[in-house]
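Got a structure here, written out as structure tokens. Questions coming.
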Amino acid sequence: MKFVLVLSLMISGSAWAQEWPSKPIRWLVPFAPGGPADVVARIVAAGLAERTGQPNVVENQAGASGNIAHAAASKSAPDGHTLVFVVPAVVTNPFYLKASVDPFRDLAPVIHLDNASMVLISNPAFPPTNLSEVLSFIKQNPGKATCGASGALPSVGCELLRSHAGADMLMVMYKGNAPALNALMGGEINLLFDVVNIAVGHVKSGRVRAIASTAPKRGTGPLPELPVMAETIPGFDLVTWHGVMTAPSTPSAVVERVNRELNAVLQSAETRQRFAASGLQVTGGTPAEFGAILRRDYDKYGAALRSAGVKPE
């Protein structure tokens, strides 16, 4: 009897996978249009639409550091037709907001898409020109330096910078790094951690100043000559990523089918070329491998935020 039940479940799961997708696929992007997450999500969604023959509809649900989109995905039908594009905010949010979605209980990992380094940039009118000067300015002017925070690693970067300086620094919240970058260029804030592929054009045009990269070592990425944060702050480590999750209780056969299709999208020459041009390192892999990355970063950044005195509100 037990064998029959197991066999029935296996057949049922296989049928689910064969039926997917049976309708348009909905993508929830937790940030404002035009930011790095939105750009990458649309590239991948277009590739998935081409492979499956179903429309892929991208919805920008910015707000609450991504929690609005995360919550919507967690409550969606567990059939693989609603996907949420995630960044490290999905594992850092619980350390800021008590009402955050639990990334291990309320969402299911599908795939790790890519990795990218970040860069600390400043408004050109901000006096410091290197990281040592930035830290000195914060120490000598407590509460006057401002750092743009849009959730996830930009916020973690601000917290670590403030903690290392040992002085207060005002964090200004935005609904995404696109509006935060506009605020930086407009002189509303002094500092911002941004994805290097988005910042590089503005750095080269002189609209922002590059202070330091969060890459593990010099000589990598679009700004190879830039000093790295760890040279001044030992152990400073911020590597961002993009990934895809879906509703909990989605049949594993469906999750694996979505994963296979997205891996194929990542391996296409067009996708790899567009990612490389944006300074993104294609990763891919299994749902379990992405789950391990989520757990790793939850533990790593959680320890850093607790050490910086951050408590969920």
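The values are calculated or read from the model by the stated rules, or taken from the named source; none is laboratory data. The model shown is predicted, which means the values in this text are computed figures rather than measured ones. Ideal geometry is used to build each Cβ from the backbone, glycine not excepted, and the neighbour counts take in all protein chains shown. For the accessible areas, the whole protein counts, side chains as well, though only heavy atoms, and no ligand, DNA or RNA atoms are used. Shrake-Rupley method; radii C 1.70, N 1.55, O 1.52, S 1.80 Å.
I want to confirm something. Restricting to segment 213-222 and keeping residues that are within 9 Å of V119 (Cα to Cα) and assigned to a loop (DSSP other than H, G, I, E, B), which single residue is modelled with the highest pLDDT?
T214
Only residues that are surrounded by fewer than 24 Cβ atoms within 10 Å (Cβ to Cβ) and not in a helix (DSSP H, G or I): list them for segment 173-184, please.
Residues satisfying the conditions are M173, K175.
Further, regarding this structure: Would you pick out the residues in segment 27-48 that are free of Cβ contacts under 8 Å to residues at least 40 places away in the same chain and open to solvent by 30 Å² or more (accessible area, probe 1.4 Å)?
R42, A46
From the residues in segment 113-147 that are more than 30 Å from R257 (Cβ to Cβ), among the small types (G, A, S) and at pLDDT below 95, which one is farthest from the chain's Cα centre (by Cα)?
This residue is G143.
To continue, here is another question. Under the condition of being within 18 Å of T286 (Cβ to Cβ), part of a helix (DSSP H, G or I) and of a type in the set (S, T, N, Q), which residue from segment 244-273 is farthest from the chain's Cα centre (by Cα)?
This residue is S252.
Which residues, counting only those in segment 121-172, are crowded, with 18+ Cβ neighbours inside 10 Å and at positive phi?
If the condition is that a residue be crowded, with 18+ Cβ neighbours inside 10 Å and at positive phi, then G151, A152 are the ones that fit.
Right, something else. Within the bounds of segment 104-112, is there any residue that is modelled with pLDDT of 95 or more, of a type in the set (F, W, Y) and closer than 27 Å to Q61 by Cβ?
Yes, some residue in segment 104-112 is modelled with pLDDT of 95 or more, of a type in the set (F, W, Y) and closer than 27 Å to Q61 by Cβ.
Then there is this: Condition first: under 14 Å from A247 (Cβ atoms) and not small (G, A, S). Now tell me which residues in segment 105-135 satisfy that.
The answer is R105, D106, L107, P109, V110.
Take the residues in segment 185-212 that are of a type in the set (K, R) and not in a helix (DSSP H, G or I); name whichever of them is least open to solvent (accessible area, probe 1.4 Å).
Looking at the filtered set, the residue picked out is R209.
Taking into account only those residues within segment 182-240 that are polar (S, T, N, Q) and touching a residue at least 12 places away in the same chain (Cβ under 8 Å), which is nearest to I138 (Cα to Cα)?
Checking each candidate, the answer is N190.
Answer yes or no: is there a residue in segment 55-73 that is part of a strand (DSSP E or B), crowded, with 24+ Cβ neighbours inside 10 Å and not small (G, A, S).
no
Tell me yes or no: at least one residue of segment 260-277 is open to solvent by 20 Å² or more (accessible area, probe 1.4 Å), within 22 Å of E50 (Cβ to Cβ), of a type in the set (D, E) and in contact with a helix residue (DSSP H, G or I) (Cβ under 7 Å, 6 or more places away or on another chain).
Within segment 260-277, one or more residues are open to solvent by 20 Å² or more (accessible area, probe 1.4 Å), within 22 Å of E50 (Cβ to Cβ), of a type in the set (D, E) and in contact with a helix residue (DSSP H, G or I) (Cβ under 7 Å, 6 or more places away or on another chain).
Checking F95 against (1) surrounded by fewer than 23 Cβ atoms within 10 Å (Cβ to Cβ); (2) at pLDDT 95 or above, only one condition comes out false. Which one?
Status for F95: all satisfied but (2).
Against the definition (surrounded by fewer than 23 Cβ atoms within 10 Å (Cβ to Cβ), farther than 25 Å from E19 by Cβ and touching a residue at least 40 places away in the same chain (Cβ under 8 Å)), how does N115 come out, yes or no?
So N115 fits the description; yes.
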